[in-house]
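Derivation of every value follows stated rules applied to the coordinates shown; laboratory data play no part. Just so it is clear, the structure is predicted and the values come from calculations on it, not from any experiment. Counting neighbours? That spans all protein chains shown, and the Cβs are built from the backbone with ideal geometry, glycine included.
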Amino acid sequence: MKFPRCIFFVFVLVFYIFTPHIEAVEADGPTEALINSICVENEDYGFCSKIIHEKLKAPTATLKELTGLIFHTATDQANDTYIFIDNILREWPGPKKKNCLKTCRAVYNRETTSFLEIRFLFSKGEYERMVKIIFSTAKILDRCRTDFLIPPYKDPLIEKKRVMRILITMSAVSGYMVKNGKASLIRSVVIPQIFSY
Ligand SMILES: *[C@@H]1O[C@H](CO)[C@@H](O)[C@H](O)[C@H]1NC(C)=O
């Protein structure tokens, strides 16, 4: 009975090959403290911290490096979601719910261009305007309703919106700290202003 064992090894091999090997970089103490201050009041601390760790290139990162990384991730999430909705709209046969989807597509298009502008202002050191635009992205996001089903996707926009909201919160918190020149935050200054949880 050599056969089952052989199949077992093939399974293990296939499983190994298709498991994503994301090597999260171990952050040093000060960097970990920064990540903590960015994520501490987030609606999902674990997710916030995980996103940063996955994108970290080195054990040490400054507040500005972390902020740049967060803005980048937010841009990608907005852009990916925009493309996702655009593809659904292309395949979507009936007119039902089409307007909801079109609104969401416009929302994620604006999120993408807003985050490109946020990154431009960040690179120019125009932090005051940068923070204003980050706050506006939270209001824009609320216009995309997600409580409708899109067969066969069911309700794919709920999770995408949740991730976008987390990334906007992270952007607001770290952007605010950059603006203030302080790598720590007085509790609850930023978050109540952007989303009414
Ligand atoms: C959005 O994604 C498309 C397709 O992956 C890419 O070509 C485009 O450059 C992206 N835009 C931004 C702003 O990242």
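Shape of the range 27-194 from the C-alpha gyration tensor: prolate (a/c of 1.5 or more and a/b above b/c, with a ≥ b ≥ c the square roots of its eigenvalues). Going by a ≥ b ≥ c, the root eigenvalues of the Cα gyration tensor, does the range 31-77 fall in the rounded group (a/c under 1.5), the prolate group (a/b larger than b/c) or the oblate group? Judged from the Cα gyration tensor, the range 31-77 comes out oblate (a/c at least 1.5, b/c at or above a/b). Spatial offset of the range 124-141 relative to the range 54-121 amounts to 15 Å, using the alpha carbon center of each.
Remark: the Cys100-Thr60 segment gains 10.1 nm on full extension, using 0.36 nm per residue and subtracting the alpha carbon distance. Here Asn36 and Leu89 are evaluated by their C-beta separation; at R0 = 41 Å the FRET efficiency comes out at 0.55.
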